[in-house]
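A.B. asks: What follows is a structure written as structure tokens; I'll ask about it next.
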Amino acid sequence: MQKIGVFVCWCGSNIAGTVDVEAVAEAMKTVPGVVFSTHYQYMCSAAGQKLIADAIHEHHLDGIVVASCSPRMHENTFRKTAEAAGLNPYMVEIANIREQCSWIHKDKEEGTAKAIVLAKAAVAKLLHNKPLTAGTSAVTKRCLVIGGGIAGIQTALDVADAGYEVDIVEQRPTIGGRMAQLDKTFPTLDCSACILTPKMVEAAQNEKINIISYAKVEKVDGFVGNFRATIRKKARCVDETKCTGCSLYMNKCPSKKGKDEFNMEMNNRPAIYIPFAQAIPNVAVIDPEQCVKLKTGKCGLCQKVCTAGAIDYTQQDELMEREYGAIVVATGFKPIDPSPLNEYGYAENADVITSLELERLMNAAGPTKGTLLRPSDLKHPHEIVFIQCVGSRCDENTKRGKPYCSKICCMYTAKHAMLIRDKYPDTKVHVFYIDVRTPGKNFDEFYRRAVEQYGVDYIKGMVGKVAREGDKLMVRGSDLISNQQVEIAADLVVLATAIEPDPSARSIGTMLTASMDTNDFFTEAHAKLRPVESPTAGIFLSGVAQGPKDVPETVAQASAAAAKVIGLLAKDHLVTNPCVAGSDELLCNGCSQCEKVCPYGAITYVDKEVRGPGVREVRRVAQVNPAVCQGCGACTVTCPSGAMDLKGFTNQQIMAEVDAICL
Amino acid sequence: MSVNNPNWKPKIVAFCCNWCSYAGADLAGSGRMNYPADVKIIRVPCSCRVNPLFILRAFERGADGVIICGCHPGDCHYTSGNYYARRRLTMLFSLLDYLGIERDRTRVEWVSAAEGAKFAKTMNEFVETIYSLGENRKLSDIRCKKS
Amino acid sequence: MENSVKFLTETVLRISGVDPRKCMKCGKCSGTCPNYDAMEYHPHQFVSMVEKGQIEKLMNSDSIYLCLGCMACVERCPRNVAPGKLVGAVAQLKLRQQDMNRKGGNDVAAFADEIVPQQLLMAAMRKYRK
Amino acid sequence: MQEIMNRMKARAIALLADGTVSRVMGWEKGEGEYDWSPALFENAEEMEAFVYGDYAGANLSKYCLKLGKLEGKTLVILKPCDTLSFKQLIHEHRLEREKFYIIGAGCTGMKDEKGALLKCNACKSKEFAIYDEIIDSEESRKPTGVMDRMAGVADLEQMTAQERYDFWQGELSRCIRCNACRNVCPACTCIKCVFDNPASGVQSKAPVTSFEENMFHIIRAYHVAGRCTDCGECSRVCPQNIPLHLLNRKLIKDMNELYGEYQAGEGDEERTPLTSYTKEDAEPGIVHERGRA
């Protein structure tokens, strides 16, 4: 028979006010198994803990029940107390007689009776407890960053700075991401490339960072500290080790029909190209869809001009397997396609453009070399209308766009308006807005400057229709402040389109078993207290993959994710939760039902010689990887034979609690 | 029925998942929101840990009502536990109903860690329902106890 | 017939099935409206005035007959508020109060053929029965 | 059926002779006219006693559990509905396909002394879910037993809760806990039954607790939910004639209605309705709402 001690806490008057703690302690003395029972003002205090430790020694207790506040509050405290006194920490059960008893009941008799039942249930459970030992698993000291935008680069730099190896896997031929496409950044108006490209170079030169561009993660197995990823490096038909980035081939390539993705497809590029001048790696790539040689077998001009001998048309996709301790998701975003919102006429009118297209039109490396010319006739626009919230903040039932605020559009629209007014003072700029949202350091000041200093015309209202009339775009909208409908004959219309997660995010989320919201943004483990971690252990979130955010916020989150990664990689071993599932192989049928419901892939099956009383045969049995199991218990209920049980919450323990409550 | 025994107090077992509903119950406590002492909570890691056996056991041992609380669908700490629980419990409830056990003695409610008030309200409603149904004898007597 | 603000508001909301609290006051409806200038109260004002219970003002305005029933505002509203349905509902309430609502749904069928859009019929009936 | 039996017998003897199979699982006549029992035959001589026909109602799938552990292949005769049970056992990795040679046996509906078997009144299918060869006839391919399989369940559903309770109390009180239903059930294949396992919390046979006594059939019905092929063996073998199939069919009916049509043992998907989900699944409250409607 086990020897159990019961410790009833007063919690000052919090418990003692509604529960007769003395009566509870007294009642517990008669419960089978209980050899010691007492009460004290504050069990969690040093004196209270000493009382528990002394009782454990004096009465040679095998387990203790503390009737006190919620286990969510002090379970760990009392486990440590027990452990320090030589008891297994899992031989502790808490009866929650504060949050779930004294605080909700007013009648002392009722409260006392309930407290006794709860304490008895805890004893009943404890009688079935077994000492548990937390296991450990080793940590692979390498980090995988999926996505090479500013978020991924910053995380990689910080992790590498702490001395750990980092692989950045980027789906495009170069790192840099969306930020590389931006012209200037708010609210300081620094040139985006001027602040980003040094970071790209830094990442490329850091010997701890390995950039795997033009690649994608195909498969991830394993668990925190021990992930194994399969990465497909697509054939770029150019040997990365030989290419010098000379661009000599550019004029030779006969194919000119490829769409320049970097310039938002507003101009064409050759089949062999480097996305932009500062690309990292600064290595050409051949577009297999456009290359004449790859399609017809005849051409090979680029190979002839390449003095480095880097061109290799026979290159194949390469699969690599790497091991990681932590994975950071930094998959970023893309603007939505505004074509379905047909009132804006984006699909029909070349001069209706998105804000990201405007970034390229204003950039010195863009299709117009930085001179603002409208796409249709390459004339300078004299009247420009910006429309905010295009596809953001929509009711989900309307199918008109995203339910969320894209967060960055108010600020970049102010930036665009300001830059245009600064560079081309003869241009009239109107902004249709619903709300101007500027919650950031120096943000509202920035927006006010656009209005007060640059005379940007902000119109509170939305646009109902954009229609071409001659070479003008007639923009009809409401001006809610002056309560009139306005019509503006514009030369250029810029849509502040909503942003959405990169299309690759969904499959990556599934691969990592990292949860996502209905909009395909990754969910954080806790909205406030764990904002850079996924609920799946070892997966961290960086940048817009988690939700819309601007550059400074992205960088902050990227560094925060890096800090979490470093904290993980700094450990040699991880202590695993001992309350995991386990299969009794003498009972297991090997029926594979449990595997189906395991959200973590923690269950595998092996053919194993099973030995027991009167049994010695090879059977297919389930095995749980305790480092992967998170202890939800889904398998225990699915298991038809009762072989699968959950430590710390066994069938017997829970049944005993049920019995104690119902008897 | 309760008519026979004026001192009858119902026994109600509430299974609460550790991450949402148990925390929601704690919040109801911190907010001093009253609900009857007839409800006793059993902490489980996830609603998917609730084996239908536990529910049958509770009824058989004299429980008058059993309620299972978990994270809202889509919010499960373990991503999918409550989805499995939802199917399992639906099937169990239906089977119990089919056996003629009052269907209102069982309930599932999704209560988040922030929904202390919902927890208290749910418990008040549930206890009221059980009071109106009276003592549960059916399941423990489905094979005609001789006593 | 009852004329309390509560009754009028509830009736308009019931007839229209619109929840004006979903409105984020973006003005898209009024930016869209092809007959904006003719109307004393504009589509977005219908939404906010119904929310505030100012139904009588709307009922006494010609605006309710000037809505073309084109439903562009309903189509484009990003919040699924449907201002056009509110205009229609206020107009219908007005007709009921004038006891002008004796023509029932069955009578409308006589006007309808495959070519005439139903919206046009409804809008015309509103206008000519003023 | 006589003709099918003769072909089957000849084929089995041939397969035994050429060493393809080491034994044959079939039926033999018992003492009474209707009393045909599952039997194992190891050579042509023994095969003389082999029978197949109207009284070969027993589902041989469960016998395969032990036969699968023996050296060599076993020939097993499976009627269309039996193949579902067999396939389900393969889904559950309880049988290895390569240890069996399956003859799909054409069936015109099975009988016992009381007439057509319950499962045959509402025949699920004439298709074979799994087989190596089929021995059937024009006659056996025709549909038989077209009664509504769920009629009995629907009748109960129409009753009031008290009527249902009285019905089940009457039925279940007759149970003598002989375990025949469990032992015959092809879905009941646990190496150690939970009712024999003290750690399961369901308690052991001795001392028999009221929990086990009261809950046996409910636990058993739930236990096989999603895996039960509705082969009807439980009701067939019950010496007390308890309509146990009505419990299984209720669960099948509910799963079909709520989660889409599903037949255990059909197709290649190992997941059952209870090991899968959709985000849009009905809430458990639907049981309450349905009752009120």
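The values are calculated or read from the model by the stated rules, or taken from the named source; none is laboratory data. Since this is a predicted model, take the numbers as computed values, not measurements. Cβ sites come from the backbone with ideal geometry, for glycine too, and all protein chains shown count toward neighbours.
A.B. asks: Within the stretch A:121-132, does at least one residue satisfy the condition of being within 19 Å of B:Ala25 (Cβ to Cβ) and either hydrophobic (A, V, I, L, M, F, W, C) or at pLDDT below 95 (or both)?
C.D. replies: Yes, the conditions are met somewhere in the stretch A:121-132.
A.B. asks: Can you tell me which of A:Ala570, A:Ala581 is more than 27 Å from A:Pro131 (Cα to Cα) and either at pLDDT below 90 or among the hydrophobic types (A, V, I, L, M, F, W, C) (or both)?
C.D. replies: A:Ala570 is the lone residue from the list that is more than 27 Å from A:Pro131 (Cα to Cα) and either at pLDDT below 90 or among the hydrophobic types (A, V, I, L, M, F, W, C) (or both).
A.B. asks: Note down all Cβ pairs under 8 Å where the first residue falls in the stretch A:54-72 and is away from chain B (no Cβ under 14 Å) and under 10 Å from A:Val35 (Cβ atoms), the second is surrounded by 20 or more Cβ atoms within 10 Å (Cβ to Cβ) and not small (Gly, Ala, Ser), and they're at least six residues apart or on different chains.
C.D. replies: A:Ala55/A:Phe7; A:Ala55/A:Leu61; A:Ala55/A:Ile64; A:Leu61/A:Ile4; A:Leu61/A:Leu87; A:Asp62/A:Ile4; A:Asp62/A:Leu87; A:Asp62/A:Met91
A.B. asks: Since B:Ser94 meets every condition but one in (1) closer than 22 Å to D:Ile252 by Cα; (2) touching a Ser or Thr at 6+ places or on another chain (Cβ under 9 Å), which condition does it not meet?
C.D. replies: Only one criterion in (1) closer than 22 Å to D:Ile252 by Cα; (2) touching a Ser or Thr at 6+ places or on another chain (Cβ under 9 Å) is unmet by B:Ser94, namely (2).
A.B. asks: How many of the residues in the stretch A:399-445 are among the aromatic types (Phe, Trp, Tyr) and either surrounded by fewer than 20 Cβ atoms within 10 Å (Cβ to Cβ) or free of Cβ contacts under 8 Å to residues at least 24 places away in the same chain (or both)?
C.D. replies: Residues that pass the stated criteria total 3.
A.B. asks: Sticking with this one: What is the residue count in the stretch D:248-286 for residues that are in contact with a Lys or Arg (Cβ under 6 Å, 6 or more places away or on another chain), in a helix (DSSP H, G or I) and without any contact (Cβ under 8 Å) to a residue 12 or more places away in the chain?
C.D. replies: 0
A.B. asks: Sticking with this one: Of everything in the stretch D:69-90, what is within 18 Å of the chain's Cα centre (by Cα) and either charged (D, E, K, R) or assigned to a loop (DSSP other than H, G, I, E, B) (or both)? Give them in sequence order.
C.D. replies: D:Lys79, D:Asp82, D:Lys87
A.B. asks: Name the strands (runs of 3 or more DSSP E) wholly within the stretch A:345-451 that hold at least 2 residues that are touching an Asp or Glu at 6+ places or on another chain (Cβ under 8 Å)?
C.D. replies: Once the strands (runs of 3 or more DSSP E) in the stretch A:345-451 are filtered for at least 2 residues that are touching an Asp or Glu at 6+ places or on another chain (Cβ under 8 Å), what remains is A:383-390, A:428-433.
A.B. asks: Filter the stretch D:142-164 for residues that are in a helix (DSSP H, G or I) and modelled with pLDDT under 90 and give the result.
C.D. replies: Result: D:Ala161, D:Gln162.
Residue-by-condition table, conditions (1) among the polar types (S, T, N, Q); (2) buried (at least 23 other Cβ atoms within 10 Å of the Cβ); (3) facing another protein chain (nearest Cβ under 10 Å):
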residue: A:Gly614; (1), (2), (3): no, no, no
residue: A:Ala627; (1), (2), (3): no, no, no
residue: A:Thr636; (1), (2), (3): yes, yes, yes
residue: A:Ala643; (1), (2), (3): no, yes, yes
residue: A:Lys647; (1), (2), (3): no, no, no
residue: A:Asn651; (1), (2), (3): yes, yes, yes
residue: A:Val658; (1), (2), (3): no, yes, yes
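A.B. asks: Read through the list (1) surrounded by 15 or more Cβ atoms within 10 Å (Cβ to Cβ); (2) modelled with pLDDT of 90 or more; (3) over 27 Å from A:Cys639 (Cα atoms), then give the number of the only condition that D:Cys188 fails.
C.D. replies: Of the numbered conditions (1) surrounded by 15 or more Cβ atoms within 10 Å (Cβ to Cβ); (2) modelled with pLDDT of 90 or more; (3) over 27 Å from A:Cys639 (Cα atoms), the odd one out for D:Cys188 is (3).
A.B. asks: From the set of residues in the stretch A:526-535 that are surrounded by fewer than 20 Cβ atoms within 10 Å (Cβ to Cβ) and not charged (D, E, K, R), which is nearest to A:Ala563 (Cα to Cα)?
C.D. replies: A:Pro531
A.B. asks: Inspect the stretch A:175-197 for any residue being under 30 Å from A:Val575 (Cα atoms) and part of a strand (DSSP E or B) and give the result as yes or no.
C.D. replies: No, there is no match, as no residue in the stretch A:175-197 is under 30 Å from A:Val575 (Cα atoms) and part of a strand (DSSP E or B).
A quick yes/no check of all residues on (1) without any contact (Cβ under 8 Å) to a residue 24 or more places away in the chain; (2) under 30 Å from A:Phe522 (Cβ atoms):
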position: B:Pro36; (1), (2): no, no
position: B:Arg57; (1), (2): yes, no
position: B:Tyr84; (1), (2): no, yes
position: B:Leu99; (1), (2): no, no
position: B:Arg107; (1), (2): no, no
position: B:Val111; (1), (2): no, yes
position: B:Glu115; (1), (2): no, yes
position: B:Lys118; (1), (2): no, yes
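A.B. asks: If you don't mind, another one. For the stretch A:497-575, please list each of the strands (runs of 3 or more DSSP E) lying entirely inside it that holds at least 1 residues being without any contact (Cβ under 8 Å) to a residue 60 or more places away in the chain and of a type in the set (A, V, I, L, M, F, W, C).
C.D. replies: Where strands (runs of 3 or more DSSP E) fall fully within the stretch A:497-575, none carries at least 1 residues being without any contact (Cβ under 8 Å) to a residue 60 or more places away in the chain and of a type in the set (A, V, I, L, M, F, W, C).
A.B. asks: Could you look through the stretch A:586-598, keep only residues that are buried (at least 21 other Cβ atoms within 10 Å of the Cβ) and more than 8 Å from chain D (Cβ to nearest Cβ), and pick out the one that is modelled with the highest pLDDT?
C.D. replies: Among residues in the stretch A:586-598 that are buried (at least 21 other Cβ atoms within 10 Å of the Cβ) and more than 8 Å from chain D (Cβ to nearest Cβ), the one modelled with the highest pLDDT is A:Cys594.
A.B. asks: Given the structure, is B:Ala113 surrounded by 23 or more Cβ atoms within 10 Å (Cβ to Cβ), more than 7 Å from chain D (Cβ to nearest Cβ) and of a type in the set (Gly, Ala, Ser)?
C.D. replies: no
A.B. asks: Okay, next question. Return a yes/no flag: does the stretch A:494-512 have any residue that is within 14 Å of chain B (Cβ to nearest Cβ) and within 19 Å of A:Ser406 (Cβ to Cβ).
C.D. replies: no
A.B. asks: Mind counting the residues in the stretch D:165-188 that are more than 14 Å from chain B (Cβ to nearest Cβ) and either in a helix (DSSP H, G or I) or free of Cβ contacts under 8 Å to residues at least 24 places away in the same chain (or both)?
C.D. replies: Result for the stretch D:165-188: 6.
A.B. asks: Identify all residues within the stretch C:1-50 that are assigned to a helix (DSSP H, G or I) and β-branched (Val, Ile, Thr); write none if there are none.
C.D. replies: Once the filter is applied, which keeps residues that are assigned to a helix (DSSP H, G or I) and β-branched (Val, Ile, Thr), the stretch C:1-50 yields C:Val5, C:Thr9, C:Thr11, C:Val12, C:Ile15, C:Thr32, C:Val47, C:Val50.
A.B. asks: I would also like to ask the following. Going through the stretch D:10-38 one residue at a time, which ones are in contact with a helix residue (DSSP H, G or I) (Cβ under 6 Å, 6 or more places away or on another chain) and among the charged types (D, E, K, R)?
C.D. replies: Scanning the stretch D:10-38 gives a single hit, D:Glu28.
A.B. asks: Report whether or not A:Thr636 is within 22 Å of A:Ala134 (Cβ to Cβ) and either part of a strand (DSSP E or B) or small (Gly, Ala, Ser) (or both).
C.D. replies: No: the conditions fail for A:Thr636.
A.B. asks: Please work out if B:Gly62 is surrounded by fewer than 24 Cβ atoms within 10 Å (Cβ to Cβ) and more than 14 Å from chain D (Cβ to nearest Cβ).
C.D. replies: No, not satisfied.
A.B. asks: Moving on. I'm trying to understand the selection: among the residues of the stretch B:22-49, which are assigned to a loop (DSSP other than H, G, I, E, B) and within 7 Å of another protein chain (Cβ to nearest Cβ)?
C.D. replies: Of everything in the stretch B:22-49, those that are assigned to a loop (DSSP other than H, G, I, E, B) and within 7 Å of another protein chain (Cβ to nearest Cβ) turn out to be B:Arg32, B:Met33, B:Asn34, B:Tyr35, B:Ala37, B:Pro45, B:Cys46.
A.B. asks: With B:His77, B:His72 as the choices, which residue is within 7 Å of chain A (Cβ to nearest Cβ), surrounded by fewer than 22 Cβ atoms within 10 Å (Cβ to Cβ) and either aromatic (Phe, Trp, Tyr) or not in a helix (DSSP H, G or I) (or both)?
C.D. replies: Checking each option against the conditions leaves just B:His77.
A.B. asks: Can you tell me which residue among A:Val610, A:Val658, A:Val628, A:Val618 is under 35 Å from the mean Cα position of the chain (by Cα) and aliphatic (A, V, I, L, M)?
C.D. replies: So the residue among A:Val610, A:Val658, A:Val628, A:Val618 that is under 35 Å from the mean Cα position of the chain (by Cα) and aliphatic (A, V, I, L, M) is A:Val628.
A.B. asks: When the residues of the stretch B:81-106 are filtered to those that are among the polar types (S, T, N, Q) and more than 7 Å from chain D (Cβ to nearest Cβ), which remaining residue is surrounded by the most Cβ atoms within 10 Å (Cβ to Cβ)?
C.D. replies: Among them, the one singled out is B:Asn82.
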